[in-house]
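This is the structure, below, for whatever I ask next.
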Amino acid sequence: MDGDFMKKIGIYLVYVLAVVFIMLAFACGTIAFAELGYSAVLVFTFGYAFALLSIYLIFILHELGHAFCGYLTGYRLVAFGLGHFILTKKSGRFHLSRTAILKNVGAQYIGLKEDESDQRIILMLSGGLMVHLSLILLAIVFGFLTRSWYFAGTWIFLNLSFFLNNILPVGITDGAKIWELLQHPANTKCAYLMLRHSAQTLLAPQEYDLKDFIMSVDEDVRGSFAESVQTLQGLVFILDDNIELAKQQFQSVLEKTDNPMSKTISQIYLLQVALMEGDNKKAEEYASIRGVKSFLSLKTADMQVIQAWYQFKVKKDIVQTHKAMKIARQKMNSSRMLRDEKIYYQNWLAELEKELTEGV
């Protein structure tokens, strides 16, 4: 217990330090333009704009770090995203599209590994962290050469903040993934499987089923990669109408995991199970969880179908039900779902439309 408490305190202090570095970065940005003789209004305008643009550029460079290290270790670039926009490489050509993003996920790189016997996945995962360290060193060199330490300070503090946030072995950070594979090398197979799944949801979603990305995983295995495979198995149970097995699978993950993302994904599908079983009290319990609320706000077909059923069954809100159904229809072809997922959620949406039409 004391160890867990000290770990939480340490993580909290790192987060506080990361926020302080962000504040210092914005302060350096404004002071840098003040030294150039601009008026107070322009100082704050240019200073904050410089810091914000730097953040987005650093996001891009972070993902390029993953892409470069991936290239060195045999990964093929599949997609590169920033915010709601994602650039996907199909048949040698790039295609730009909009996509739903999770909270706190500013950018993403997806690569496909042909030789999954290669164990250098940690190098690819480390690419973003190495970029931050390199940019800190470059900013220091820039400061010495130009004496523009406030401009350099903006980049030093921003990269220090992002490095600290990403090195922490919690959640879905690079540090968490690296630590997992160092602690559980066998989870590398699960990591490659999840990369293949992510890649095919973009490249050829209607040529694969979710069950194509399932493998046997011991029930007591820990780590987000292994738990991701287990949650996919639970979703396959739902698609096959094995509701009891699905419930057991998600509850098993929920009981053992300390990963926030694994918890939230299990809870969102347990909400779906509760809706299917007509357990409105349990559905309300899951839907009130902050992480689940965040998922239900995602403008993807699967999440909006779940949202529509929740609004209809539990909240009795016909207006919100129709709103969620409309989004689900609009996003059905663009959401990153594989063939069997798409068919399932199309049918579940049609079932809800039938109930509304019949006035059930």
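Indicate the helices, whole DSSP H runs only, in the chain that combine a mean Kyte-Doolittle hydropathy of 0.0 or more with a Cα extent along their long axis of 15 angstrom or more.
Long hydrophobic helices here: 2-34, 40-72, 121-146, 149-167, 188-203, 224-239, 260-277.
Sort out for me the Cα centre separation of region 334-360 from region 271-329, rounded to whole Å.
13
What is the magnitude of the charge dipole of the chain about its Cα centre, with +1 placed on the Cβ of each Lys and Arg, -1 on the Cβ of each Asp and Glu, and no other charges, expressed in debye to the nearest 20? Working shown, then result.
Numbers: 35 positive and 34 negative charges, 241 e Å.
With Lys and Arg at +1 and Asp and Glu at -1, about 1160 debye.
Going by Cα centres, region 1-68 and region 190-255 are how many Å apart?
36
Expressed as a fraction of 2.2 N^0.38 Å, the rule-of-thumb size for a compact globular protein of N residues, what is the C-alpha radius of gyration of region 14-77?
1.54
How high is the FRET efficiency from E207 to Q320, r the C-beta distance, R0 56 Å, rounded to 0.05?
For R0 = 56 Å, the calculated efficiency reads 0.95.
Show the residues, 5+ positions off or on another chain, whose built amide H is closer than 5 Å to the amide H of K113.
It is R76, by chain and number.
Between E244 and F144, how many nm apart are label points set 7 Å from Cα along the C-beta direction?
7.0
Just to be sure I follow: if Rg is taken over the C-alpha atoms of region 188-359 and Rh is the Kirkwood radius over the same atoms, what is Rg/Rh?
Looking at region 188-359, the ratio lands at 0.95.
Holding the Cα-Cα limit at 25 Å, pick out from K113/K299; K263/K299; K113/K263 the pairs that are longer than that.
Pairs exceeding 25 Å: K113/K299; K113/K263.
Using the C-alpha gyration tensor of the chain, what are the square roots of 5 times its eigenvalues, in whole angstrom, with the largest one first?
39, 24, 21
Readers should treat all values here as calculations from the given coordinates under stated rules, not as data from a laboratory. As the structure is a prediction and not an experimental result, all values here were calculated from the model. No Cβ is skipped: glycine too gets one built from the backbone with ideal geometry, and neighbour counts run over all protein chains shown.
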